[in-house]
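The values are calculated or read from the model by the stated rules, or taken from the named source; none is laboratory data. Note that the structure is a prediction, hence the values are computed from the model and not measured. We place every Cβ from the backbone using ideal geometry, glycine too, and count neighbours over all the protein chains shown. Side chains included, ligands, DNA and RNA excluded: accessible areas come from the protein's heavy atoms. Shrake-Rupley method; radii C 1.70, N 1.55, O 1.52, S 1.80 Å.
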Protein chains: 2
Amino acid sequence: MARHLGSSAVRDILKLTQGGNIISLAGGLPAEDLFPLEAVREAYHRALSGNASVLQYGITEGYTPLREKVAARLSRQGIAVSPAEVVLTTGSQQSIDLLCRVLLDPGDTMLVESPTYLAALQVLGSYRANIVPVASDTDGMLPGDLEHKLRLHKPKLLYAVPTFGNPTGATWSEERRHSVVELCRRSGTLILEDNPYGEIAFAGGDKAGLPSLAAIDGGMGGGTVVYTGTFSKIVAPALRTGWIAGSKELVSTVARAKQAADLHSSAVDQRALDELLSGFDLEGHISAISREYAARMKALSSELRSRNWAGAHWEEPQGGMFLWLTLDKSINTAELLPLAVARGVAFVPGEVFYPGEPDRSTMRLNFTHTPPQLLPLAVKRLEEALEEWSGQGLESLHPGSH
Amino acid sequence: MARHLGSSAVRDILKLTQGGNIISLAGGLPAEDLFPLEAVREAYHRALSGNASVLQYGITEGYTPLREKVAARLSRQGIAVSPAEVVLTTGSQQSIDLLCRVLLDPGDTMLVESPTYLAALQVLGSYRANIVPVASDTDGMLPGDLEHKLRLHKPKLLYAVPTFGNPTGATWSEERRHSVVELCRRSGTLILEDNPYGEIAFAGGDKAGLPSLAAIDGGMGGGTVVYTGTFSKIVAPALRTGWIAGSKELVSTVARAKQAADLHSSAVDQRALDELLSGFDLEGHISAISREYAARMKALSSELRSRNWAGAHWEEPQGGMFLWLTLDKSINTAELLPLAVARGVAFVPGEVFYPGEPDRSTMRLNFTHTPPQLLPLAVKRLEEALEEWSGQGLESLHPGSH
């Protein structure tokens, strides 16, 4: 199976950008300066203040009080779910992996957006799924193409990040959400709704507060949507705690797969998060980071606008962590990357996010991790790289054709 | 793949034994009263005393200083390994899972001991491996049978727990260790040496201090042995931190699989363990728990001896956490279990540990978790269940044959 895990020249280049003087807009990292460090410290202190049983093996499904709190939060967000319908995982990445592990046989078809989350493509590749992209616009998957592909491929699963998506930052319209749930329900195709960014909503967006696909399906009773989320973006990633919510039958199968995979995730981290949720104003914290991320996004967008590059366009995301930039269609961003890195700025070339034929003039820019005062310099360096690209011309990029 | 994850009526019965007045010798739990709780508390405190970067995403391979400490400990134990040959995992369970994930294609043959670690069988089943047991005695796998099966099946992998094994507590002799490594090396079959218990050695055993298979192979340079271990038994399980050591090429493939599986394991727990290893006398702690576990094993063995059950026999383990009891061959321990649970004692029927035809008169008894003063009562209850079993006779157990 090793040969199905994928490789990445891009990944190798991006490894070079860690540390040093390179401003990286490439990662998917939240802002460290906004982590609730003091509250997390106190939470671990309280979690470890009891007796030694805190250090014993826990149950595979996760620490029960935290499952209860996750279920209660989801219910407050309109997704009816009981604690028995939740399994805690090592981040939502593991939710994706375990669900694919229990559902997919080699050659099974899986529908995805195009572009979509890179690490989901890696998971699907590792299970040898037949990955079929569904045509989309900025409002989400196109119902006509979805209907066609549901009929043609009889897929087991549809994977999507409908809210402040990765990599595009796009958000599905309410109408499309209803269409996709309805079409999948009728064809008996399960939807994995991956929602790591949904709570990071910027004020004023016309797509704020839209119901999740899981809410539209009527919570976990609906049976069409499995839902995954994480504390990585709203608290901190190092605790590696996410969840998967689905029907009791499905999550109990996922729990059996998790037992084989790692018995359970860190019980210390789960207890610490449970303590954190007991005292800390998480909703206030999420509002604060959302405000700051909105400001950083605006700063990046306004820098880009001031440069006025021929052919460049983007939509400002209404939440999340990424801005999706499309350049003039003559530009290949994978070939631009080494020039940019040499100038001291990094991004992810859009091509890696496409399951099929990529638009090579795209790139994903993260605006949450770089200190905002560095954003003008980052964009200036990107412009220098673009100038170098244009100056080189195609001849010098392909010396063999001289 | 869901249907390959296995189910277990035994597991359902054992679920009933949690809490209440049942003395459980069934679990594989270390003693809570011996956890170094205060040192762990201080370690988390120190780990979280720095800046917020401790809460950021980490690298898939794990926190570098802890990988260095793990590599140094292994080297002190005779296994030459560099930090680049180590990946930190969510317990050694995940090491087993990830290695199988990258190596096994459906239908590939895997050799195992019989009986062997239950959760390894579950992992292998989930990857649809063809599981072939190798004949063994108390000194380990029989070289003749191994050689035959290597030639017959051309297996990709051999899985073994050669030191204080689970479930039998048995330890391979030095001669057998050399034979198995040599035979596998010649046939190009990789060995996964799972060593969660090796450091918990009881004084006075004639098999103490034997070299690991990995040491015999010359460390990770040998290329025949992949090695996995864990902090679960020597520090505490809740931190879910283990490791896999192998050639650089192999562990980098494992790291790619881990990236798809969960990006990385808890970085907070890894930092806390790194802090713990910096100040705490771990080797002294391991000696202390080994002494206490030896005393508990002796107490259980002596209780069993005093009962003098017809046909019962066992070997005292020289380390680890389990005593493997074989009863008169008329007795089916899976059928005995509900009688025992009704009397207030639980064990694991041996049959669940066999990849092939089981010896149904066996059971695994854990001696580390139950407070030693309860062991006489546990054995007394077991005797009552046995008496009830004998009294019932075969007729009353099979009423249909009246």
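Overview of values
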{"read-out": "Order by protection proxy (mean Cβ within 10 Å, highest first), peptides B:86-98, B:148-160", "value": "B:86-98, B:148-160"}
{"read-out": "Members of region B:106-153 that become less accessible by 20 Å² or more once partner protein chains are added (1.4 angstrom probe, chain alone as reference)", "value": "B:PRO106, B:GLN122, B:TYR127, B:ARG128"}
{"read-out": "Other protein chain Cβ atoms within 10 Å, averaged over every residue that makes up B:242-254", "value": "1"}
{"read-out": "Pairwise label distance in nanometres, A:GLU387 with A:ALA80, each label 7 Å out on the Cα-Cβ vector", "value": "6.1"}
{"read-out": "Helix-only mean residue ellipticity at 222 nm for chain A, each DSSP H run of n ≥ 4 adding -39500 (n - 2.57), per residue, nearest 500", "value": "-13500 deg cm²/dmol"}
{"read-out": "³J(HN,Hα) computed for each position of region A:253-269 - Karplus, 6.51 cos²θ - 1.76 cosθ + 1.60, integer Hz, glycine/proline x", "value": "5, 4, 5, 5, 5, 5, 4, 5, 6, 6, 6, 6, 7, 3, 6, 5, 4"}
{"read-out": "Most mobile listed residue (A:ILE131, A:ILE216, A:ILE59) in chain A, GNM with C-alpha springs under 10 Å", "value": "A:ILE59"}
{"read-out": "Most to least accessible of A:GLU383, B:GLU283 (protein chains only, probe 1.4 Å)", "value": "B:GLU283, A:GLU383"}
{"read-out": "Heavy-atom surface of region A:260-351, accessible at 1.4 Å and reported per residue (Å²)", "value": "36"}
{"read-out": "Computed accessible area, B:TRP309, all protein chains, 1.4 angstrom probe, square angstrom", "value": "40"}
{"read-out": "Per-residue average of Cβ from other chains inside 10 Å of A:232-240", "value": "6"}
{"read-out": "Directionally averaged projected area (convex hull, Cα atoms, the protein assembly as shown), nm²", "value": "36.2"}
{"read-out": "Accessible-area value, B:GLU113, 1.4 Å probe, nucleic acids and ligands omitted, Å²", "value": "20"}
{"read-out": "Solvent-accessible area buried by pairing A with B, both sides, nearest 100 square angstrom, 1.4 angstrom probe", "value": "5200"}
{"read-out": "Protection proxy ranking, peptides B:75-82, A:229-236, average beta carbon neighbours within 10 Å, highest first", "value": "A:229-236, B:75-82"}
{"read-out": "Within region B:98-166, percent of DSSP bridges classed antiparallel, to nearest 5", "value": "20"}
{"read-out": "Apportionment of accessible area to carbon and sulfur, chain B, percent (1.4 Å)", "value": "51"}
{"read-out": "Per-residue mean of C-beta atoms belonging to partner chains within 10 Å, peptide B:52-63", "value": "5"}
{"read-out": "Dipole in debye (nearest 20) - region B:37-279, about Cα centre, beta carbon charges: Lys, Arg +1; Asp, Glu -1", "value": "420"}
{"read-out": "Surface accessible to a 1.4 Å probe, per residue, for the residues of region B:68-213, Å²", "value": "32"}
{"read-out": "With Cα atoms, 0 to 90° folded angle of helix A:64-76 axis to chain A main axis", "value": "60"}
{"read-out": "Residue-by-residue Karplus 3J(HN,Hα) for region A:56-63, coefficients 6.51, -1.76, 1.60, Hz, glycine and proline x", "value": "7, 3, x, 8, 4, 5, x, 4"}
{"read-out": "Residue among B:LEU323, B:LEU55, B:LEU336 with the largest mean-square fluctuation in a Gaussian network model of chain B, springs linking Cα atoms under 10 Å", "value": "B:LEU55"}
{"read-out": "Over 28 Å between alpha carbons, listed pairs B:LYS69/B:LYS149; B:LYS156/B:LYS329; B:LYS149/B:LYS258; A:LYS233/A:LYS298; B:LYS69/B:LYS233; A:LYS329/A:LYS380", "value": "B:LYS69/B:LYS149; B:LYS156/B:LYS329; B:LYS149/B:LYS258"}
{"read-out": "Exposure of B:LEU34 as accessible area (Å², to 10), given a probe of 1.4 Å and all protein chains", "value": "50"}
{"read-out": "Beta bridge orientation in region A:39-279: antiparallel %, DSSP, nearest 5", "value": "40"}
{"read-out": "DSSP bridge orientation in the protein assembly as shown - percent antiparallel, rounded to nearest 5", "value": "55"}
